[in-house]
Every structure is written in C-alpha cells, then in structure tokens.
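Written out below as structure tokens is the structure these notes cover.
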Amino acid sequence: MRALRATYRLQLGEELDFRAAGALVPYLRDLGISHLYLSPVMTAREGSTHGYDVTDPTRVSERLGGERALRELAAKGLGLVIDAVPNHMAACEENRFWADPELRRHFFDIDECTGRHRRFFDIDGMAGVRQEDAEGFQVTHAKLLELVRDGLVDGLRIDHPDGLADPAGYLRRLRDAGVERVWVEKILAVDERLRDWPVQGTVGYEFMNDVTALFVGQSGERVLSDLMTELSGERRQFWELALEAKLEQARTTFTPEVERLRRLAELPGIPEALAKLPVYRTYVDPLRGDLEADDRGAIEHAQMPPPLAAALQLEEPVAPEFVVRFQQTSPAITAKGVEDTAFYRYTRLLALNEVGGDPGRFGLGVECFHARNVERARRFPRGLLATSTHDTKRSADVRARIGALAGMAARWREHVLRWRELNTPLRDGGAPDPNEEYWIYQTLVGTWPISVERLSDHMRKALREAKRHTNWVAPDSGWERGVERFCWRLLEHRPFLEDFEPFAAEVAAAGRRAALGGLLLKLTCPGVPDIYQGDELEQLTLVDPDNRGAIDWQRRRDQLTRLRAGADVDPKLALIVDALALRARRPHPFEGAYVPLPAGPTVCAFLRGNAEVLVVVRLVEGGVPSLVLPEEACGEWRSSLDGATRELDRVVPFDDVLGPLGIGLLERVG
C-alpha cells in the first residue's frame, strides 16, 4: 500500500469516468496528492448522479468505464480509496437482488408484518441491506474485497455505518477480510468520542467544524444572537429548535419506523426518546450484552420513561430486535431533523450550520482546539481531515467569509438593518420573511459574486428544507416564486448594491485569510488532509447540487504551471503544493507528536514531530506579540512558503515567522 500523504475526492459520473479521472493523475501527482478518493464505483441505478443508489454491488459500473478501466486507473501511480455503500441499495427492478422476491427477502431488511423495507433516511427508493448476515456480507462485498486483495484499492470509506444493525461487527468483518484502511462516515456530536473500532478514523467532519469555529470571534455572539431575535422573534437556543424538528420527523416522516418499533415492544415514549438522544445513535449489543458507559450516558441524557430506558440498557427483558432497530432509526431522525430542517431554521451564523456541527457552539478557543488535536494524534492519527466535501452545506471558503462576520458583528448588524429598509419595496406578498431574508444576506456575503440563478435555486432548496412556508412534499409555489422574485430584484437594486458590494469585499478579504489559515491547519494537523475536487482554488459553492458541478480542470493545470514558473497564483494552490511537498520530503514529523505552543488566544501555533516542523496561524489581529519556543526548538529554520532561513531563539516575534497572509510553515534545518 502507498504511504498516505493527502487524498483528493472525485465525484464520478458521465462527465468524469475512470478514464477522465486517469487523465487528471499527472496534475494531481504534481499537486502532491498520494491517493484518489472516489465516489462509489459499483453499478448504480440508470441515470444516477452520485452512485449511492447501487443496483449491483458485485460489478464495477460500466457507465464509469467498467472494471478494466478502474484497474487501468489504479495502475497510473496514485493510490485509490473507494467509497463503499454497505447500508442500502436501490429498490428498483434494475436491481436483481430486489427484483427477485426470494433474494429480496434474504438480502434486504423487510418487515414481514407490513412488507415495508427499512429505508435509507426517508428515501423509499433506497432499501436497507442485512449486512449482519454473513452470506449477505460476502456476496455484497466480494468484488470490493477482490479489488483490495489485488492491491488496486488501498482503503475504503464506509458510507453511513450508523444505519447498520451492528456497525462494530461489520467493521471487524472488514478487518478480518484483509481491509487495513477504513474510514467511517460517522457524524459525531461535539463532545462525542469515536468508538474503539478497527478504523483509521472518520472522514473528517469533526475537524472541519473545529477549524470553522476556531476562526469565529466569540465576542460577536451576543450581537448576532440579538440580531437573529430582532429579525425573526426567535429566542430559543439551537438545541431547542433541533429537538422540535426531530420530534416533527419522529411523529410524521418516520411514523412507519416508529410503528415497527411499537410492534416489537409496547413501551412508552418511543418517538420522544428517538428525538431526545444527544448523539446520532448508541451502540448497545443486545446479543452480547454489551453496554458501554457512553451508551448509558446518552440514554440517561434523553430522560426516557424508565421502562424504555431500562429496556435499552438491557436491564429489563426486551426483544433484541427492538434495541437494534431503535438504534438504526435514531440516526435518520437526527439527520433529517437537524441537518435537513433545524439547520435551515436557525440563522444566527450560517457558517456554523454544517454537517456534524453544533450552531449553538459559538467559536472554539485555541486551547480546546489543541486538546482535540492531541486526542486525534493519540487515537486516530490517520483520520481524514476535511474542510469541504460533497455533502457540506457550504464550501470552506463560503464558511470562512460568513464566519468572519462574527469579528465585525456590530457593523454587520447595521448593514443588515439598513438593507432590510432599503429592500422593503422588493418584497412580494410577505416573501421572504425576515428569517429567510437574513439567510439571503448571509448567503450573498459568503458567495459574492453569485448569479441570480444559483441564488434562486439555493433558496428554493433552503425554503423546502426549513419546512415553514413550503416543503418537498407539498411545495407552496406561490411563496417560492415570491422569494425568487425578491432575489432577482435584489441583484438589480442599485441602492442595495452600492452599500452591499464594498462591505462584501471587506468580508471576502477577511474570509480569504481565515480560509487560508484553516487550510494550513488541515495540511499539518494530525491526520490525512482531504481535498475536495476543485478546492485547490477558491470555491464559493453551496449545498448540493451546487457543490457537485463541473470543475474547470484546465484552469487548475494552468495555475499550477504558472506557479512552477514563479508567477503569482491563488494562495490556496501555492500553499497546498508547498505543504504537501514538505510532507513528501519529511513524512515522519506528520506521523509523530503534536506539541501545542503558548501563543495567546489570537494565534494557533504548534510543533510536529521532534521539533521538526513549526506551524503558526494568526486567527485575529491583536494579542501577545511573540511566540515562546521550547529549548529543543531553538535553531535554524527555513520557511516552506518563501524559502527564507532564520535563526529562532526561545522568544520569537510573530513578524519573524508569519508572512503577509498571517500564516507560517517552517522546517528545522539546523
């Protein structure tokens, strides 16, 4: 297996099949990438735009080029990490496992009482697979395991392990089958620890949210909280909105799942308990009788009726299937209630409304960030570190811009209230409401310049996800058109634009500095940096489908050529090239220690390895003027960003190590 330096995520499809991906290998190798990280490669439903609706897990997709083309791609010199989808397959006639009644009963999770299948979230067209069955596992994984054994695939990304009956048992099966590198798409609560599973780590959402929060100025919390209340009348904390939304889901969308649980055990308070869990799910094993302290704590936190809590904690007799299905159901309710509802209702600072994030946590102190990195280095030093993915609500660059508003909260409030007044004539029958209008303004500062078509498409999805004035099941086309007309008028309204554009430019400058600082942290903190397709240049994208569009690869190749020729290019590209070159020259420091350095609350600084690499990132202006190094770090250092060498003593003025963009990356040379 190839050494892991950095992964590069590609969203495969008709315009980017295996051969097209192969054509990118020379460029990505020059960028410093070690592994391609591919979206699902097995046969999916005809016309699939993402590959997660698998119809045949035993065959590589012919639409993407087939197995021969995949093997040719693997031979081009970069390692492959493949996105595997064990939890579900497409429920359609194209899928022979589904079309054959006997195979359907054997491979899929079917409720014999009703004939309904376990769904992937609320999608009727995706049916849950019984991976707990040994034969089912072998059949659905035979091809993937063959690719791993043949050395074509270096690792697997496991999609939605929380939907499985026994995630830990499934991961043990993968390990026993010879898969050494596994990353799980596990969404962790802010204070939740990944279980001691045989995995390299997660796909990086917790790191992503930590980095975003690190650059959010905590001093702006009161102003932004009051502004949201002033605009919308909403005084509740985020957890209260999240609970309300989860309860809505448990009592409506997921009624079939709740009724199935009730048929298994007549216990009180099931929908409320599903909604009140503080984590996506627990991992109680009713067959082994295993109950970890984290599981007990989550159940107690939910304040369930005693009979239900006792059953889930294995203190009272209950059908093991009830415990298993309860744990399979809660992740879907949490995902649809929080990520796909509450995130679209709570508008205090949209940078924090991200997959795996908690909008109620306003900012993150440097000491806490360091502590979480020390824990990563100790437990999962090869976990992926993401800042943008195919599933994020906003790209890292958009989040950085919106996050910068916390550092100018009072001025932002003045602008928003002025815009509300300026744009009064543009509203159409009350649309948008104040909360929706505030969403629009944050989206504009995060993505400017943006076309009105992209803005309108995004708002239609945001409105339906919020489920206030319209929704996916019964859209209110009148309200949606009113918001769309507002967007069109807004982007042509000169009084608004004359006030907005200068401020947006200021926010963009602050956002770029924060995004660059966050990128450096991703490239140097404990773990394996993951770069989403196209994100080596500034990417101002929103939630899918906006973030899954075509990438201008030639522009990126040209930028890399210009960089090699000594020309100025996007600082993101230059930083990625410099940092990954350092990781290639000196891999051992990035596999070694992470040592936080005292630098005050406005700077994040640390050493990697045996005082071999120094990283310094300014979060905001101000604070202490210098950095204190340990004795063993004193000596000659060379900047990986500009090549200059300098002698560093115990006390180092920040100006000696920080470049004009507020970041520093140095390697020890003497």
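What the table below lists for this structure:
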| item | result |
| --- | --- |
| Test: residue in region 398-405 that is farther than 30 Å from Ala6 by Cα, assigned to a helix (DSSP H, G or I), modelled with pLDDT of 95 or more and open to solvent by less than 10 Å² (accessible area, probe 1.4 Å) | yes |
| Members of region 198-208 found to be open to solvent by less than 30 Å² (accessible area, probe 1.4 Å) and touching a helix residue (DSSP H, G or I) at 6+ places or on another chain (Cβ under 8 Å), listed by number | Val199, Gly201, Phe207, Met208 |
| Residues satisfying the stated conditions in region 1-34, i.e. of a type in the set (A, V, I, L, M, F, W, C), farther than 18 Å from Asp552 by Cβ and open to solvent by 10 Å² or more (accessible area, probe 1.4 Å) | Met1, Ala3, Leu4 |
| Scan of region 106-131 for residues that are open to solvent by 30 Å² or more (accessible area, probe 1.4 Å), out of contact with any helix residue (DSSP H, G or I) (no Cβ under 8 Å at 6 or more places or on another chain) and closer than 22 Å to Thr43 by Cβ, ordered by number | His117, Ile123, Asp124 |
| Within region 287-311, considering residues that are open to solvent by 90 Å² or more (accessible area, probe 1.4 Å) and in a helix (DSSP H, G or I), the one farthest from Leu194 (Cα to Cα) | Pro306 |
| Within region 624-649, tally of residues that are out of contact with any helix residue (DSSP H, G or I) (no Cβ under 7 Å at 6 or more places or on another chain), outside any strand (DSSP E or B), open to solvent by 60 Å² or more (accessible area, probe 1.4 Å) and not hydrophobic (A, V, I, L, M, F, W, C) | 4 |
| Leading residue by the ranking (nearest to Thr341 (Cα to Cα)) among those in region 543-591 that are open to solvent by 70 Å² or more (accessible area, probe 1.4 Å) and assigned to a loop (DSSP other than H, G, I, E, B) | Pro545 |
| Conditions (1) within 18 Å of Ala504 (Cα to Cα); (2) acidic (Asp, Glu); (3) touching a strand residue (DSSP E or B) at 6+ places or on another chain (Cβ under 9 Å): number failed by Asp397 | (3) |
| Residues satisfying the stated conditions in region 650-670, i.e. of a type in the set (Gly, Ala, Ser) and either open to solvent by 10 Å² or more (accessible area, probe 1.4 Å) or in contact with a Phe, Trp or Tyr (Cβ under 7 Å, 6 or more places away or on another chain) (or both) | Gly659, Gly670 |
| Given (1) open to solvent by 30 Å² or more (accessible area, probe 1.4 Å); (2) over 23 Å from Arg173 (Cβ atoms), number of the condition Ala134 does not satisfy | (2) |
| Residue list for region 137-167, filter: of a type in the set (Gly, Ala, Ser), within 23 Å of Val528 (Cα to Cα) and either part of a helix (DSSP H, G or I) or open to solvent by less than 40 Å² (accessible area, probe 1.4 Å) (or both) | Gly155 |
| In region 232-265, residue farthest from Tyr346 (Cα to Cα) [restricted to those that are in a helix (DSSP H, G or I), among the aliphatic types (A, V, I, L, M) and open to solvent by less than 20 Å² (accessible area, probe 1.4 Å)] | Leu261 |
| Members of region 406-429 that are open to solvent by less than 50 Å² (accessible area, probe 1.4 Å) and not in a helix (DSSP H, G or I) | Asn423, Asp428 |
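The values are calculated or read from the model by the stated rules, or taken from the named source; none is laboratory data. Not measured: the values here are computed from a predicted model. Note that we place each Cβ from the backbone using ideal geometry, even for glycine, and neighbour counts take in every protein chain shown. Please note that ligands, DNA and RNA were not included when accessible areas were found on the heavy atoms of the full protein model with its side chains. Shrake-Rupley method; radii C 1.70, N 1.55, O 1.52, S 1.80 Å.
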